[in-house]
Amino acid sequence: MRSHISCSPTIPVVSFEREELLSAPPGLYFKFHHRLRTAELFSAKPFHFFQPIINDEIRSLLQVVADNAGCVHIRKELYDATFCIISRIAISRRAKDLRSPSQNDHSSSLQNLLIDSIDLLGVQNIGDYKPCLAWMDLQGAKRAKAISTKIKSMWQQIIDDRRRTRLTRGSEIKDSDFLDVLLTASAQDDLQLSDLAIKAVLTNMFDAGIDSSTLTVEWAIAELLVHPRILQKAQQKLEEVVGAIRLVQESDIVRLPYLRAIIKETMRLHPIAPLFMPHTVDSKVWKDPLRFYPERFLDSNMEVRGQDFELLPFGSARRACPGLAFGLNNVHLMLSNLLICH
Ligand code: HEM
């Protein structure tokens, strides 16, 4: 039912002519998701593949914090790190290093264009509903269209370059990033992903993955700063399990129940998509609902993966967040590594 509702005719200002994953019709959408889940890159153990990229970018984030004696604009730095991680996993390049040859200034890097498109995400264009008001361009549809055109042209260049590289790699192509997975899928007859759909899916990955991950970590840090007891306990648990001389790895997370409880509590109190479903914290479900109290999860089996309906930060069922495992892993690693480098 929800998947059909998601296909209702809402037209975001920045639109890829309705090829987005967010508004794709269920048939293509689910076939595509199945293909992604079974792709080698995203199957059983993807993290040994992503871990070096995540480590690398977290190291750069910690370096920035150290260079500035701990005084940084944390949202900006988290945003930057998440952008680098997602773009390296998507296209094996950092989006901030990519510029179209015709626009060589910093403001038109792929990263900055995508940031502009994220700002416009979900903005409804009144002119689409009331054409007589379109001339007023109240939501900046013209600017949005210009951004969307630039993004599409940069993606096209990246796709064309990759197709050429794949030709030289020969028939034994192993998917090395998300773009490879998409190109392999597009070459398969039953799916027939158009280039426009590939560009839309790549853009969606940033639209959906950046703010969600960054804001979750930022909220966690904000809560820890106003709850020094919890901050101290989290740091102590991290030191017991990981020590202070190496980075926290994905394999450590399972041995860090207090860290996991902090992330759950952050997601409970500050869901990044509160309007997708009735997400208000309810005193019938939670004791002291407005209190930040990770301990509530220590003796509970409740998870955030869509089975426990009291806590649905990633949504649930067929249209649940496809980036759940990757996003969850990322927020744990970013937060924990910032905590051990105090
Ligand atoms: C803490 C991190 C994240 C949170 C809390 C989160 C949460 C969500 C939520 C609530 C939805 C909507 C589900 C619904 O319609 O019911 C969603 C959708 C989506 N997410 Fe995430 N997400 C996160 C990270 C990511 C990452 C890292 C990616 C990809 C790199 C991603 C990709 C997507 C996509 C493509 C959709 C659209 C799915 C659709 O149209 O059905 N997310 N996410």
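The values are calculated or read from the model by the stated rules, or taken from the named source; none is laboratory data. This one's a predicted model, so the numbers in the text were calculated from it and none came from an experiment. Cβ placement follows ideal geometry from the backbone for every residue including glycine, while neighbour counts extend to all protein chains displayed. Surface areas here come from the heavy atoms of the whole protein model, side chains and all, with no ligands, DNA or RNA. Shrake-Rupley method; radii C 1.70, N 1.55, O 1.52, S 1.80 Å.
A quick yes/no check of all residues on (1) within 16 Å of the ligand (Cβ to nearest atom); (2) within 25 Å of residue 332 (Cα to Cα):
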position: 166; (1), (2): no, no
position: 180; (1), (2): yes, no
position: 227; (1), (2): no, yes
position: 231; (1), (2): no, yes
position: 234; (1), (2): no, yes
Inset, instruction - Output the number of residues of segment 123-160 satisfying the condition of being in contact with a strand residue (DSSP E or B) (Cβ under 9 Å, 6 or more places away or on another chain) and either on the phi > 0 side of the Ramachandran plot or at pLDDT 80 or above (or both). - result: 2
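In segment 169-256, which helices (runs of 4 or more DSSP H) lie fully inside it and hold 1 or more residues that are modelled with pLDDT under 90? Talk me through it step by step, then tell me what you get.
Values: elements: 178-186, 195-226, 228-241.
In segment 169-256, 178-186, 195-226 are the helices (runs of 4 or more DSSP H) which contain 1 or more residues that are modelled with pLDDT under 90.
When only residues in segment 223-240 that are of a type in the set (A, V, I, L, M, F, W, C) and surrounded by fewer than 16 Cβ atoms within 10 Å (Cβ to Cβ) count, which is farthest from residue 73 (Cα to Cα)? Break it down into steps so the answer makes sense when it comes.
Going through segment 223-240, the residues of a type in the set (A, V, I, L, M, F, W, C) turn out to be 224-226, 230-231, 234, 238.
Now drop any that are not surrounded by fewer than 16 Cβ atoms within 10 Å (Cβ to Cβ), which leaves 225-226.
Values: 225: 15, 226: 18 Å.
Checked segment 223-240; the qualifying residue farthest from residue 73 (Cα to Cα) is 226.
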Inset, instruction - Could you list all residues from segment 241-271 that are closer than 19 Å to residue 296 by Cα and either open to solvent by 40 Å² or more (accessible area, probe 1.4 Å) or in contact (Cβ under 8 Å) with a residue 60 or more places away in the chain (or both)? - result: 253, 254, 255, 256, 257, 259, 260, 262, 263
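From 301, 330, grab the single residue that is at pLDDT 85 or above, out of contact with any strand residue (DSSP E or B) (no Cβ under 6 Å at 6 or more places or on another chain) and within 10 Å of the ligand (Cβ to nearest atom). It would help to see each step written out before you state the result.
Values: 301 fails: within 10 Å of the ligand (Cβ to nearest atom).
Result: 330 is the single residue among 301, 330 that is at pLDDT 85 or above, out of contact with any strand residue (DSSP E or B) (no Cβ under 6 Å at 6 or more places or on another chain) and within 10 Å of the ligand (Cβ to nearest atom).
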Inset, instruction - Determine which single condition residue 69 fails, assuming it passes every other condition in (1) among the hydrophobic types (A, V, I, L, M, F, W, C); (2) closer than 30 Å to residue 248 by Cα; (3) within 16 Å of the ligand (Cβ to nearest atom); (4) open to solvent by 20 Å² or more (accessible area, probe 1.4 Å). - result: (3)
Inset, instruction - Might you let me know whether segment 193-207 holds any residue that is surrounded by fewer than 17 Cβ atoms within 10 Å (Cβ to Cβ) and more than 26 Å from residue 115 (Cβ to Cβ)? - result: no
Legend entry - Filtered residues of segment 157-186 (kept if in contact with a Lys or Arg (Cβ under 7 Å, 6 or more places away or on another chain) and of a type outside the set (Gly, Ala, Ser)): 173, 179, 183
Inset, instruction - For residue 220, indicate whether it is more than 21 Å from the chain's Cα centre (by Cα) and surrounded by 20 or more Cβ atoms within 10 Å (Cβ to Cβ). - result: no
Inset, instruction - May I ask you to verify whether residue 314 is within 16 Å of the ligand (Cβ to nearest atom), assigned to a loop (DSSP other than H, G, I, E, B) and surrounded by 18 or more Cβ atoms within 10 Å (Cβ to Cβ)? - result: yes
Legend entry - When residues of segment 317-327 are limited to those that are in a helix (DSSP H, G or I), among the small types (Gly, Ala, Ser) and closer than 22 Å to residue 202 by Cβ, the one farthest from the chain's Cα centre (by Cα): 325
Inset, instruction - Scan 78, 21, 98 and give me the residue that is within 12 Å of the ligand (Cβ to nearest atom), modelled with pLDDT of 85 or more and out of contact with any Phe, Trp or Tyr (no Cβ under 6 Å at 6 or more places or on another chain). - result: 78
